[in-house]
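J.: Pasting in a structure now, in structure tokens, and then I'll have a few things to ask.
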Amino acid sequence: AGYRVMLPELPGHAGGERSDIKQAAAALSRLVEEAGEPVAVVGHSFAAMVMRLAFSETAPPSVVLIAPALNVNDALDVFGDKLSLFPWARRGLRKRLEAWDRSLWPVVSTIHPGQMPGAEILIVHDPEDGETPFARATELAAIRPGTDVVPAPDAGHNGILSDRFAIDRVIRFLTRESVPG
């Protein structure tokens, strides 16, 4: 469709050194500084939180969030369930994260309409996603103008990245074709 595609090498990839969300957002911001403002960005899962930080003041015109993690509390719940953490361990982890950066916590633990200002946002999400709640996607769309959610049933959290229906909706959005659910 005439786009130049860039895939940033974000810190924290498998086998890499430990990193955090602020380092990932800084890496994305550096890419934008070097390559110029993007026309569109597409992110899956955790990348949604990274993009919320990197594009907190100004965002590209088009943003696609695929199975987005929109609230760190949800991510902590999934993480706690996978590791079978006791309730006191979950509370302790949450408190440590809140204290780690008091200015960051409100951005990643809430959903508000001012995030990624100026962007049209398409969210493609499996309603039964077990990793990131579909309800958060609909919550964002309900309070943020210019945000649409397209359900991708049976696509799964990672399988959605190769799901033909989901890919078709993303292409239609980026090429400005009609994007019916």
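J.: For the structure I just gave you, tell me whether residue 131 is under 23 Å from residue 21 (Cβ atoms), open to solvent by 50 Å² or more (accessible area, probe 1.4 Å) and in a helix (DSSP H, G or I).
T.: no
J.: Looking only at segment 64-110, how many residues end up being more than 23 Å from residue 152 (Cβ to Cβ) and either touching a Phe, Trp or Tyr at 6+ places or on another chain (Cβ under 6 Å) or among the β-branched types (Val, Ile, Thr) (or both)?
T.: 5
J.: I need a count of the residues in segment 125-181 that are over 15 Å from the mean Cα position of the chain (by Cα) and acidic (Asp, Glu).
T.: 5
Results for (1) touching a strand residue (DSSP E or B) at 6+ places or on another chain (Cβ under 6 Å); (2) open to solvent by 40 Å² or more (accessible area, probe 1.4 Å), shown as yes or no for each residue.
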residue	(1), (2)
41	yes, no
51	yes, no
55	no, no
72	no, no
83	no, yes
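J.: Suppose we keep only residues that are part of a loop (DSSP other than H, G, I, E, B) and under 14 Å from the mean Cα position of the chain (by Cα) within segment 86-111. Which one would you say is surrounded by the fewest Cβ atoms within 10 Å (Cβ to Cβ)?
T.: Going residue by residue through segment 86-111, those that are part of a loop (DSSP other than H, G, I, E, B) are 86, 101-104, 109-111.
In the following step, the residues that additionally are under 14 Å from the mean Cα position of the chain (by Cα) were identified as 109-111.
On the way: 109: 18, 110: 12, 111: 17.
Out of the qualifying residues, it is 110.
J.: Here is a follow-up. Output yes when any residue across segment 150-162 is touching an Asp or Glu at 6+ places or on another chain (Cβ under 8 Å) and within 19 Å of residue 60 (Cα to Cα), and no when none is.
T.: Scanning segment 150-162, I find no residue that is touching an Asp or Glu at 6+ places or on another chain (Cβ under 8 Å) and within 19 Å of residue 60 (Cα to Cα), so the answer is no.
J.: Something else now. Considering only residues that are at pLDDT 75 or above, open to solvent by less than 100 Å² (accessible area, probe 1.4 Å) and aliphatic (A, V, I, L, M), which ones fall in segment 4-18?
T.: Of everything in segment 4-18, just one residue is at pLDDT 75 or above, open to solvent by less than 100 Å² (accessible area, probe 1.4 Å) and aliphatic (A, V, I, L, M), namely 6.
J.: So, in segment 134-174, of the ones that are in contact with a Ser or Thr (Cβ under 7 Å, 6 or more places away or on another chain) and without any contact (Cβ under 8 Å) to a residue 60 or more places away in the chain, which residue ends up most open to solvent (accessible area, probe 1.4 Å)?
T.: This residue is 172.
The values are calculated or read from the model by the stated rules, or taken from the named source; none is laboratory data. In this text the structure is predicted, and so the values were computed from the model without any measurement. FYI the Cβ positions are ideal-geometry reconstructions off the backbone, even for glycines, and counts take in every protein chain you see. Accessible surface is based on the protein model in full, side chains and every heavy atom, while ligands, DNA and RNA are left aside. Shrake-Rupley method; radii C 1.70, N 1.55, O 1.52, S 1.80 Å.
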